[in-house]
Amino acid sequence: MSTENVEFELTEEQRLVRSTAKDFAEKEVLPLARKVDHEHYFPKELIPKLSALGFLGVFVPEEFGGAELDFVSYSVIVEELARVCASTSVIVSAHNSLCIWPILNHASDEQKKRYLPKLASGESLGCFALSEPSTGSDAAAQTCMSKKEGDTWVINGVKNWVTNGPEADVCILFTMENPEEKHKGINAFIVDLKTTKGVSIGKKEDKLGICGSPTSSITFDNVELSNDQLLGTPGLGFKIAMSTLDGGRIGIASQAVGIARAALEDSLQYARERKAFGKPIGQHQSIQNHLADMSCSIDAARLMALSASRRKDAKLPYTRAAAQAKLFASEASVQCALKGIQIHGGYGYVREFNVERYLRDAKITEIYEGTSEIQRLVIASQLLKE
Ligand code: CAA
C-alpha cells in the first residue's frame with residue numbers, strides 16, 4: 001500500500017529511518033498488536049529492540065549513546081509505530097519527547113551524564129508528571145508541593161494520567177513552590193521513581209484505548225529530593241512543561257496520522273474484497289467518497305506534523321504549528337477511524353477486525369498532551385501575539 005506519500009518530502013537519511021521503522025513495526029510490533037490491545041499488555045520484549053534501533057534515544061547525542069536524529073525523523077518513527085500499534089508509539093513518544101527532551105534542554109552536564117545513557121539504552125524508561133487529579137488543562141494550578149528545607153526539597157502530592165507511570169524509572173516531575181506566584185512558582189525535578197523513598201505508583205488505569213500503554217497516578221509522600229535533582233532553576237518549571245509539550249504535541253499528531261493510515265489501509269483492503277450489489281464495495285461512489293476524504297485528511301495532517309517538526313529542527317518558533325498539527329491530526333484520525341468502521345459495516349463494530357481499535361486509540365489523541373479545546377486556545381493566543 002502506498003498511503004505514506006512522503007518520499008519526496010524527506011531527506012535520504014529520513015527515508016532510511018522511515019523504512020527501518022516501517023520494517024521493524026511490521027515484523028516485530030504488528031504480531032503483538034492485538035495482544036497488546038486485548039490483554040492490556042505492556043510489550044516489554046520490544047524495549048531492547050527499540051533501543052537497538054535508536055528509537056529510545058532519538059534526539060540523544062551519540063556521546064550519550066543516542067541516535068542523534070532530528071525531529072522529522074522522530075515524527076516518522078512515531079507514525080510508523082502508530083500505524084501498527086498506537087500503544088507502542090506512545091510508550092516511545094512519552095519517553096523521548098516528554099522525558100528525554102527536557103533533560104537535553106534543561107539538565108546540567110552532570111544530570112545528562114547520569115540519565116541520558118540509561119534512557120537511550122532502554123535500561124530506564126521515562127515519564128512526565130504534570131497533570132493531577134484536579135489539575136489538567138489549567139496546568140499552572142499545581143497542588144503537588146515542593147518545599148525547600150535546608151538543602152533538601154520535600155515533595156507532597158499526587159500526579160495523574162502519567163503515561164508509562166507503572167513501568168517508568170525516571171520521571172520529570174512538576175511541583176508548586178509558591179502558589180501566589182502562579183506559573184512562576186512552579187519547579188521541575190528529575191526523580192528516580194524506583195529508588196526514591198515515599199514514591200508510590202497507583203493502579204494501572206483501565207482505559208478505552210491505547211490499552212498496552214500503561215498509565216497510572218504517582219503519589220509523593222514526604223519525598224526528599226536533593227538540589228541536584230532540580231531540573232533548570234527554581235520557578236522555571238512551567239516554561240519547561242509548556243516547551244516540552246510543544247514538542248510532545250507534534251509526536252501526538254504523528255501518532256494520530258499513523259492510526260488514521262491504518263484505518264485507511266484496512267478500509268482499502270476491505271473495499272476491494274467485500275462485494276455488495278454485485279461488485280466490490282470500493283466501486284460504489286459512497287465508499288469512494290469516504291476513502292477519498294480519509295486520504296486527503298491524512299496527507300494534510302502529515303504535512304502539518306512534518307512542517308511543525310521542520311520548524312523545530314530549524315529552531316524557528318513552532319508552538320502554533322505544533323498545536324495546529326495536533327488539533328487537525330487528532331480530529332482527522334477520529335474521523336478516519338469512524339469512516340473505517342462505516343466502510344466495514346457490522347464487521348467494523350466487532351473485535352475480529354482492527355478498525356474498532358483504531359477508533360478507541362485515536363480518541364485519546366484529542367485529549368492527552370492538551371485537549372483539542374486547549375490547542376485552539378494556544379493557536380488563537382499565538383495568532384493574537386504574532
Ligand atoms: N513555551 C514556553 N513558554 C510558554 C509557553 C510555551 N509553549 N506557553 C506559555 N509559556 C509561558 C508564557 O510566555 C508565560 O510566561 P511569562 O509570564 O514570562 O510571559 C507563562 O508561560 C504563562 O503563560 P500563559 O499565561 O499562556 O499560561 P496559562 O496559565 O494561561 O496556560 C495553557 C496556558 C496553554 C492553557 C496551558 O496551561 C496548557 O498548555 N494547558 C494544557 C496542559 C496539558 O497539555 N496537559 C497535558 C499533560 S501531559 C499528559 O497528557 C500525560 C502524559 O503522560 C502524556
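Since every read-out is calculated from the coordinates, none of them should be taken as a lab result. Here the structure is a predicted model, which is why all the values come from computation and not from measurement. Here the Cβ is made from the backbone with ideal geometry for all residues, glycine too, and neighbour counts use every protein chain on show.
Binning the alpha carbon pair distances of the stretch 1-121 at 5 angstrom intervals from zero yields the distribution 2, 11, 22, 22, 18, 13, 7, 3, 1, 0, expressed in whole percent. The listed peptides 59-66, 73-80, ordered by packing as a protection proxy, come out as 73-80, 59-66 (highest mean of other Cβ atoms within 10 Å first). In the chain, Cα pairs under 8 Å separated by at least six residues give a relative contact order of 16 percent. Relative to a virtual label point 7 Å from the Cα of Lys147 in the Cα→beta-carbon direction, which members of the stretch 180-221 show backbone nitrogen distances below 16 Å? Only 180, 220-221 pass the distance filter. Spin-label pair Leu377-Lys239: with each label point 7 Å from Cα along the Cα-Cβ axis, the two points sit 2.1 nm from one another.
Neighbours of Thr196, meaning other residues whose beta-carbon lies under 13 angstrom from its beta-carbon, give a summed charge of -2 when Lys and Arg score +1 and Asp and Glu score -1. Each of the peptides 177-185, 251-259 was scored by the mean count of other Cβ atoms within 10 Å over its residues; in descending order, highest first, they stand as 251-259, 177-185. Among the listed pairs Lys49/Lys204; Lys44/Lys147; Lys182/Lys315; Lys148/Lys203; Lys147/Lys315; Lys113/Lys312, which are separated by more than 32 Å between their Cα atoms? Exceeds cut-off: Lys44/Lys147; Lys147/Lys315. Once a ≥ b ≥ c are taken as the square roots of the eigenvalues of the Cα gyration tensor of the chain, is the result rounded (a/c under 1.5), prolate (a/b larger than b/c) or oblate (a/b not larger than b/c)? Since a/c reaches 1.5 and a/b is larger than b/c, the shape of the chain is classed as prolate.
Distance from the C-alpha centroid of the stretch 29-50 to that of the stretch 182-210: 23 Å, rounded to the whole angstrom. Full extension of the chain between Glu26 and Glu9 gives 3.9 nm of extra length, using 0.36 nm per residue less the Cα-Cα distance. Given R0 = 45 Å, the distance between the Cβ atoms of Thr196 and Lys279 translates into a calculated FRET efficiency of 0.10.
Once you order the gyration tensor axes a ≥ b ≥ c over the Cα atoms, which shape class does the stretch 245-385 get: rounded for a/c under 1.5, otherwise prolate or oblate by comparing a/b with b/c? It comes out prolate by the Cα gyration axes.
Here the stretch 235-300 is assigned +1 on the Cβ of each Lys and Arg and -1 on the Cβ of each Asp and Glu. Its dipole about the Cα centre then comes out at about 120 debye. Estimated at 0.36 nm per residue, the fully extended path between Glu181 and Asp138 surpasses their Cα-Cα distance by 14.0 nm.
A protection proxy built from the mean count of other Cβ atoms within 10 Å ranks the segments 356-368, 324-336, most packed first, as 324-336, 356-368.
The residue among Ala314, Ala271, Pro61 whose Cα reaches farthest toward the positive pole of the charge dipole of the chain, with charges on the beta-carbon of Lys, Arg, Asp and Glu, is Ala271.
Rounded to the nearest 20 debye, the dipole magnitude of the stretch 309-386 is 300 debye, with +1 charges on Lys and Arg beta carbons, -1 on Asp and Glu beta carbons, and the Cα centre as origin. Determine the distance separating the Cα centre of the stretch 310-370 from the Cα centre of the stretch 141-181; give it in Å without decimals. With the stretch 310-370 and the stretch 141-181 each reduced to a Cα centre, they are spaced 30 Å. Under 11 Å from a label point set 7 Å out along the Cα-to-Cβ vector of Ile367, the amide N atoms of the stretch 192-212 belong to 206-210. For the chain, the 222 nm mean residue ellipticity estimated from helices alone, with every DSSP H stretch of n ≥ 4 adding -39500 (n - 2.57) and the total spread over all residues, rounds to -16000 deg cm²/dmol.
Charge dipole of the chain (Cα centre as origin; +1 on each Lys and Arg Cβ, -1 on each Asp and Glu Cβ, all else neutral): 800 debye, rounded to the nearest 20. The HN-Hα couplings worked out from phi for the stretch 132-147 by the Karplus form 6.51 cos²θ - 1.76 cosθ + 1.60 (θ = phi - 60°) are 9, x, 10, 9, x, 5, 8, 5, 6, 8, 5, 10, 5, 9, 10, 10 Hz, whole numbers, x standing for Gly and Pro. For the stretch 245-385, the relative contact order comes to 34 percent (Cα pairs under 8 Å, sequence separation of at least 6).
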